[in-house]
Structures are given as C-alpha cells and as structure tokens.
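What follows is a set of notes on a single structure, which appears directly below.
The values are calculated or read from the model by the stated rules, or taken from the named source; none is laboratory data. The structure presented is a predicted model; accordingly, all values stated were derived computationally and were not measured. Here the Cβ positions follow ideal geometry from the backbone for every residue, glycine too, while neighbour counts run over all protein chains shown. The accessibility values were calculated without ligands, DNA or RNA, using every heavy atom of the protein model including side chains. Shrake-Rupley method; radii C 1.70, N 1.55, O 1.52, S 1.80 Å.
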Amino acid sequence: KNQVEQSPQSLIILEGKNCTLQCNYTVSPFSNLRWYKQDTGRGPVSLTIMTFSENTKSNGRYTATLDADTKQSSLHITASQLSDSASYICVVSAREYGGATNKLIFGTGTLLAVQP
Amino acid sequence: DSGVTQTPKHLITATGQRVTLRCSPRSGDLSVYWYQQSLDQGLQFLIQYYNGEERAKGNILERFSAQQFPDLHSELNLSSLELGDSALYFCASSVASGGAFVQDTQYFGPGTRLTVL
C-alpha cells in the first residue's frame, strides 16, 4: 500500500535555530518527491521537487534530501524565522503503470511553530 | 499569489443542499486538480482534469462531480451535502498532465472554505 509518513507531527523551535523534518514513504513505482509549505488557511506552496536521481535540493534556507534506497527524505530549515511557522507536507508521486499520470500520495504534514 | 483563483472564498449552507465551487487556473496551465482538506485530515486528492478531459480520480464521492470547460476553468459540484463535507477545498493547476513531465509543479489556489450546518 502506498503510504507517506511524516515526523514529528508537530515541532516548536526558537527563532534562529535549525530543524529537520522527516518523511518516510512506501510508494512504488516512485516518480518524484515534493515538499510543500502550507500556511494556516492557505493553499500549499511548492518548496522542492526531487526525482530518484537527486540527493539534495535547496531553495533558500530550505534544503531537501532524498535517499531512494531507504525511501527517506528530510527537509532542513536553516536559521528559522517566524514566517517559517506553517505545516510542511511531503508528497510522493507514483507513476501509474501503463498510464500517463502520476498518482500523488500526501503525508499528513508536520506543524512547525517558530517562537521568538 | 499563485495565479490560481477560486470563488467563493467562504460558503455556508445546509445539509442536503448543492453547491458549486469555481476555479480558474494559471494562464497557460492545462491541468486542474481538486483537493479536500478537512480539519483532522491531510490533503485528499479528488480529481484531475487535463484540457477538458478527466485524467485521474482520487477519493471523490459519487455525490461530487467536476468538469473543466473549454476556457479551462473548472467547477466542482457538491450535492446532498452532509456535515462531514465541511472542509477547505483547494484547486491547483499545472502546465502539463502530471505524467509526461515529472517535475510538473502544481500551483494551489487560496481555497474555498465550505461549512455545512
């Protein structure tokens, strides 16, 4: 069964500190993995997209890593800011056999609160 | 601003009623996706349309239906509404079908908050 699990469920850190969010998946056949940031009550915004051949990808203070062998990904946030407070969602795309579409499997997200 | 627009922003209705949510994709995007996000659940994929045709189906109830029009805007119809249908409904759009281009980024709209009383 295709699944995406994220940890921790929630996290509180102080402004300026770093943090790492985890995503484990059992999705096959794997196509790509995305991290989204979702502010409360707003639509998700894409942070990174990685295919199986990419180990790391950065977007400003956000760095995502992917280990396709262990089926794990992490999102590292450096020098956190108050505006980083949001839900971070890991989404894994599975290519559908014989089809021309990818099926998206969403994690339930990690809720990050950055405190001053 | 993602370029995806959704109307209305908020909708309050009663059980048993029918509502229509509207989405306009980013200029040039051919795919439209609909998602439901309840308070206690993550994003649930409902359905995808590509250039007017249904492309993929997720956990969409039979009471729900969608369509994409020639001008590429899309509507999600929810009927016989139940209390459990109260949620945020997001529309997203992307350039391609999501399969041919593996890095086909989806851009999400601001959502429609539906409250069923």
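Can you name every residue in segment A:31-49 that is buried (at least 20 other Cβ atoms within 10 Å of the Cβ) and part of a loop (DSSP other than H, G, I, E, B)?
A:43, A:44, listed by residue number.
For segment A:50-67, name all the residues that are among the hydroxyl-bearing types (Ser, Thr, Tyr) and open to solvent by less than 70 Å² (accessible area, probe 1.4 Å).
Passing the criteria: A:51, A:62, A:63, A:65.
From B:76, B:21, B:30, B:39, which residue is open to solvent by 60 Å² or more (accessible area, probe 1.4 Å), in contact (Cβ under 8 Å) with a residue 24 or more places away in the chain and either hydrophobic (A, V, I, L, M, F, W, C) or touching a strand residue (DSSP E or B) at 6+ places or on another chain (Cβ under 6 Å) (or both)?
B:39
Hey, among the residues in segment B:55-73 that are aliphatic (A, V, I, L, M) and either touching a His at 6+ places or on another chain (Cβ under 8 Å) or modelled with pLDDT of 95 or more (or both), which one's least open to solvent (accessible area, probe 1.4 Å)?
So the residue we want is B:66.
Before we move on, is residue A:87 in contact (Cβ under 8 Å) with a residue 40 or more places away in the chain, within 22 Å of residue B:105 (Cβ to Cβ), away from every other protein chain (no Cβ under 11 Å) and under 11 Å from the mean Cα position of the chain (by Cα)?
No; evaluated as a whole, the condition is false for this residue.
For the condition away from every other protein chain (no Cβ under 14 Å) and among the hydroxyl-bearing types (Ser, Thr, Tyr), what is the one hit in B:80, B:38?
Result of the check over B:80, B:38: B:80.
Looking only at segment A:75-93, how many residues end up being outside any strand (DSSP E or B) and open to solvent by less than 10 Å² (accessible area, probe 1.4 Å)?
So the count comes out to 2.
For segment A:65-95, what are the residues that are among the polar types (S, T, N, Q) and either modelled with pLDDT of 95 or more or more than 22 Å from residue B:104 (Cα to Cα) (or both)?
Correct list: A:65, A:70, A:72, A:73, A:74, A:78, A:80, A:81, A:83, A:85, A:87.
Could you tell me whether segment A:9-30 includes any residue that is open to solvent by 50 Å² or more (accessible area, probe 1.4 Å), in contact with a His (Cβ under 9 Å, 6 or more places away or on another chain) and more than 16 Å from residue A:104 (Cα to Cα)?
Yes, the conditions are met somewhere in segment A:9-30.
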